[in-house]
Amino acid sequence: MLEKGTKAPAFSLPDQNGTIHTLKEYKGKKVILYFYSKDMTSGCTKQAVGFAALNDKFNKLNAVVIGISKDTASAHKKFEEKYALPFTLLADPELKTLQDYDVWKEKTMYGKKVFGVVRTTYIIDEKGIIIAAFDKVKADENPQKMLDLLGSI
């Protein structure tokens, strides 16, 4: 996991509509950058729906929510449409940004060693500096905890 106080790595990734997004375009806003395993899975859906429910509150705090997984833009589009997600989902099938943010790790699943995303959330300030970092987050609690934290900064 990247450390609080470090510059957030740049990225250039397509969203659910195929539009390329970079971290630079969010300068002047706080960014809640959350990494998750897979669209349409139970935990990832709870987390996304939780962020969606609080999206207006994040916006009032001058913050944007961005989710990143290794899924494709078309998978993200289906996820967005099914759950009416009002925020950006970025596709990283080449794993570059997942690796840059140190969230692609070896895990044990059903007794076997596999590589995958460790559910992680970063809060990045208006100047591109990581001001909070959380790994192994609980999907259903993460959105509210991030809102509470932002409200106290």
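Give the residues of region 80-117 that are among the hydrophobic types (A, V, I, L, M, F, W, C) and over 23 Å from Ala53 (Cα atoms), sorted by residue number. Within region 80-117, Leu95, Leu98, Val103, Trp104, Met109, Val114, Phe115, Val117 qualify.
Of the residues making up region 101-131, those that are assigned to a loop (DSSP other than H, G, I, E, B), more than 16 Å from Ala8 (Cα to Cα) and either of a type in the set (Phe, Trp, Tyr) or in contact (Cβ under 8 Å) with a residue 12 or more places away in the chain (or both) are Tyr110, Val118, Arg119. Note on region 114-124: residues that are at pLDDT 90 or above and farther than 23 Å from Met146 by Cβ total 1.
Checked against the criterion of being closer than 15 Å to Ile66 by Cβ and part of a helix (DSSP H, G or I), the candidates Leu90, Leu98 yield just one match: Leu98.
Is there a residue in region 141-153 that is of a type in the set (S, T, N, Q), free of Cβ contacts under 8 Å to residues at least 40 places away in the same chain and either closer than 23 Å to Glu3 by Cβ or surrounded by fewer than 17 Cβ atoms within 10 Å (Cβ to Cβ) (or both)? So far as region 141-153 goes, yes, one or more of its residues are of a type in the set (S, T, N, Q), free of Cβ contacts under 8 Å to residues at least 40 places away in the same chain and either closer than 23 Å to Glu3 by Cβ or surrounded by fewer than 17 Cβ atoms within 10 Å (Cβ to Cβ) (or both).
Just name the residue that is surrounded by the fewest Cβ atoms within 10 Å (Cβ to Cβ) out of those in region 14-47 that are of a type in the set (A, V, I, L, M) and in contact with a strand residue (DSSP E or B) (Cβ under 6 Å, 6 or more places away or on another chain).
In this case the residue turns out to be Ile20.
Checking each residue in region 48-72 for being in contact with an Asp or Glu (Cβ under 7 Å, 6 or more places away or on another chain) and either surrounded by fewer than 19 Cβ atoms within 10 Å (Cβ to Cβ) or not charged (D, E, K, R) (or both) picks out Gly50, Ile68, Ser69.
Inspect all residues belonging to region 52-71 and state whether any of them is in contact with a Ser or Thr (Cβ under 7 Å, 6 or more places away or on another chain), of a type in the set (Ser, Thr, Tyr) and over 22 Å from Ile131 (Cα atoms). No, every residue in region 52-71 fails to be in contact with a Ser or Thr (Cβ under 7 Å, 6 or more places away or on another chain), of a type in the set (Ser, Thr, Tyr) and over 22 Å from Ile131 (Cα atoms).
The values are calculated or read from the model by the stated rules, or taken from the named source; none is laboratory data. Quantities reported herein were computed from a predicted structural model and do not represent experimental measurements. Methodologically, a virtual Cβ is constructed for each residue, glycine included, from the backbone with ideal geometry; neighbour enumeration extends over all protein chains shown.
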